[in-house]
1. For peptide A:101-112, compute the average count of partner chain beta-carbon atoms within 10 Å of each residue's beta-carbon.
2. Bin by bin, in steps of 5 Å, what percent of the Cα pairs in chain A do you find, going until the bin that has the longest distance?
3. Just to confirm my numbers, what's the Cα centroid distance between segment B:1-62 and segment A:71-113 in Å?
């Protein structure tokens, strides 16, 4: 079955630690995205990638980093510089950057204490 | 700047019809998408309108008026399982990501 996987579902970290969230897709999509969602809020774009070895900052990139070494994978690192990292993180992919139909993974709920 | 406006909450009765509106101000416009998200889940794609008019997919329909910078999602024969958040999203160019609204939380009551 094609789709997007994110792991883990829940993640707990101590303040000051970097943490990497996994995102893998087998849909053969060129474009991948990371969003942050806070309670009762919409989707805010962190980073996106249109092609392997290339990525662009979204609206809230500060304190985050990404890599795109393989078409299937787009991991997100939440660094200690992110002031308020506790949130629900969603990864998505689409067939082309402006694809109107994005496919989302199940999300990772990160809690930093 | 870019902005999308949706009501934050809507409540409707099971079996009824509900309309969720979305108005947008964006630098460009190619089309309007709608997504559904249940609590704790992933958003799922519902519909896309690039041209004016109504698109129907089962109990769900989506409408677009480009001249009014306005669209809506229409849900008919509401069921309890339709309780979720609904997001509109604008495709405003050929090579930039969708811009999402803040979402409308729909509560379906008996």
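1. The shielding value for this peptide is 3.
2. It works out to 2, 13, 25, 27, 19, 10, 3, 1, in whole percents.
3. Rounded to whole Å, the Cα centres lie 22 Å apart.
All of the numbers you see were taken from the coordinates with simple rules; none came from a lab. Quantities reported herein were computed from a predicted structural model and do not represent experimental measurements. Glycine also receives a Cβ, built like all others from the backbone with ideal geometry; neighbour counts cover every protein chain displayed.
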